[in-house]
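Peer 1: Please read through the structure below; I'll follow up with questions.
The values are calculated or read from the model by the stated rules, or taken from the named source; none is laboratory data. In this text the structure is predicted, and so the values were computed from the model without any measurement. Backbone-built Cβ (ideal geometry, glycine too); neighbour counts: all protein chains shown. We work out accessible area using only protein heavy atoms, side chains counted, and drop any ligands, DNA or RNA first. Shrake-Rupley method; radii C 1.70, N 1.55, O 1.52, S 1.80 Å.
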Amino acid sequence: MIFLMIVPSIMIVTIILVHEAARYFGKEISYVSLTVCAIISFAVDIAAAAISNAPGVEYFLKLTAIIFVAAAVVTVINNFLEVRK
């Protein structure tokens, strides 16, 4: 239960810090892109906890597949947002 309260709080602070750091270096990263990334990373955390019977080769292959799918989803959403600008 405490995990579900701490992780989103840390993610909100991280989103703000990454956005401000990007602006400082002259880059623009939208809050929507960062929020989608945070939500998907939280989903990956939950999925990793759900499939973790015993860490082994199968576990790491499943986790790798989940991470690649999450990265692809974030990339597609970010491209959609960039085209929409």
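Peer 1: Output yes when any residue across the range 25-39 is open to solvent by 90 Å² or more (accessible area, probe 1.4 Å) and at pLDDT 90 or above, and no when none is.
Peer 2: As a first pass, look at the range 25-39 and keep what is open to solvent by 90 Å² or more (accessible area, probe 1.4 Å): 25, 27-28, 31, 39.
Right, trim to at pLDDT 90 or above and you get 25.
The answer is yes; a qualifying residue exists.
Peer 1: Another question, then. Hey, could you check the range 42-60 for residues that are among the aliphatic types (A, V, I, L, M) and part of a loop (DSSP other than H, G, I, E, B) and say which is least open to solvent (accessible area, probe 1.4 Å)?
Peer 2: Looking at the filtered set, the residue picked out is ILE51.
Peer 1: Of all the residues that make up the range 2-12, how many are open to solvent by less than 80 Å² (accessible area, probe 1.4 Å) and modelled with pLDDT of 85 or more?
Peer 2: Selection size over the range 2-12: 2.
Peer 1: Could you please let me know if LEU63 is at pLDDT below 85, under 20 Å from MET11 (Cβ atoms), assigned to a helix (DSSP H, G or I) and open to solvent by less than 100 Å² (accessible area, probe 1.4 Å)?
Peer 2: yes
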